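I have placed the structure first, in the form of structure tokens, so that the comments after it can refer back to it.
The values are calculated or read from the model by the stated rules, or taken from the named source; none is laboratory data. Everything numeric in this text was worked out from a predicted model, so none of it was measured. Here Cβ is always computed from backbone atoms with ideal geometry, including for glycine, and neighbour counts include all displayed protein chains.
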């Protein structure tokens with residue numbers, strides 16, 4: 001009898017192969033089934049007090065701690081999870097999920113490609129190179145757009161490490177950026193500049209007005225120059241906390257950042273038009 005020798009089958013390497021053993025979840029099989037059923041795990045605080053987040057991608061789960069951030073990019077590499085080695089539209093190192101200053105962050109580490117944060121209802125926040133975004137909900141989706149496919153990474157964090165809003169959060173975004181506070185005048189300026197974002201459909205317009213239009217909405221003694229200087233000072237304070245808004249889309253990105261993190265909202269626009277304090 002003639003026997004035919006088949007060539008060995010080349011099996012794709014599991015994306016977790018480049019991760020440390022402590023990042024490989026021991027109950028991954030059960031969680032794969034749970035994920036298909038729509039049940040998601042949560043970040044937690046373990047018995048040693050270590051904050052643990054999780055990144056869920058293609059049914060697999062990756063644990064993330066301060067000492068073991070989650071880095072993702074085009075192909076598997078040391079400490080990097082590869083999304084698609086054939087997709088040249090994904091940077092070799094696209095981004096990182098990390099714990100810093102007590103909060104979880106999405107950091108864009110690509111040299112030229114943006115990441116996107118899914119805000120729901122068809123809205124997205126563009127995260128440009130070198131920028132980072134504070135995870136402000138227990139589950140947040142990061143979109144990595146390649147030339148072939150868009151990859152969705154679901155970041156799940158413990159509630160104890162979410163930025164706090166409410167009354168304290170309305171007065172300060174320090175929980176997001178170390179020490180950035182919005183005074184009443186700061187809030188009035190950003191609300192006027194980004195009024196279109198805060199309008200209800202169909203009047204909503206995702207474009208900032210110019211400084212002169214913002215001053216007109218605010219009324220005397222506001223001027224175009226006063227609004228511009230106020231916004232520049234807010235950007236400087238954000239930059240001191242590691243959040244940068246530069247380039248041609250700086251104001252648009254600032255608007256989406258403030259709204260996505262609950263720092264300003266439609267109620268602020270209503271108060272401004274009524275002439276009351278923000």
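Quick one: which of 21, 85 is over 15 Å from residue 142 (Cα atoms), modelled with pLDDT under 50 and over 22 Å from the mean Cα position of the chain (by Cα)?
On the way: 85 fails: modelled with pLDDT under 50.
After applying the criteria, what remains is 21.
If you go through region 67-86 and keep only what is touching a residue at least 40 places away in the same chain (Cβ under 8 Å), farther than 29 Å from residue 101 by Cα and in contact with a strand residue (DSSP E or B) (Cβ under 9 Å, 6 or more places away or on another chain), you end up with just 84. It is to be established whether one or more residues within region 251-266 are out of contact with any strand residue (DSSP E or B) (no Cβ under 6 Å at 6 or more places or on another chain), more than 22 Å from residue 141 (Cα to Cα), without any contact (Cβ under 8 Å) to a residue 12 or more places away in the chain and not assigned by TED's automatic domain parsing to the domain that holds residue 116. There is no residue in region 251-266 that is out of contact with any strand residue (DSSP E or B) (no Cβ under 6 Å at 6 or more places or on another chain), more than 22 Å from residue 141 (Cα to Cα), without any contact (Cβ under 8 Å) to a residue 12 or more places away in the chain and not assigned by TED's automatic domain parsing to the domain that holds residue 116. Within region 201-227, residues that are without any contact (Cβ under 8 Å) to a residue 60 or more places away in the chain have Cβ atoms under 6 Å from residues that are crowded, with 16+ Cβ neighbours inside 10 Å and outside any helix (DSSP H, G or I) in these pairs: 208/194; 215/222, counting only partners at least 6 apart in sequence or on another chain.
Checked against the criterion of being within 11 Å of the chain's Cα centre (by Cα), touching a residue at least 24 places away in the same chain (Cβ under 8 Å) and not in a strand (DSSP E or B), region 100-108 has no qualifying residue.
Every test in (1) at pLDDT below 80; (2) outside the structural domain of residue 247 (by TED's automatic domain parsing); (3) surrounded by 13 or more Cβ atoms within 10 Å (Cβ to Cβ) is passed by residue 121 save one, and that test is (3).
Here's the yes/no breakdown for (1) closer than 30 Å to residue 197 by Cβ; (2) modelled with pLDDT of 85 or more:
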| position | (1), (2) |
| --- | --- |
| 37 | no, no |
| 45 | no, no |
| 71 | no, yes |
| 95 | yes, yes |
| 101 | yes, no |
| 110 | yes, yes |
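Every condition in (1) surrounded by 13 or more Cβ atoms within 10 Å (Cβ to Cβ); (2) over 22 Å from the mean Cα position of the chain (by Cα) is met by residue 265 except one, and the failing one is (2). Going through (1) within 14 Å of the chain's Cα centre (by Cα); (2) closer than 20 Å to residue 102 by Cβ; (3) outside any loop (DSSP other than H, G, I, E, B) one by one, residue 258 falls short only on (2).
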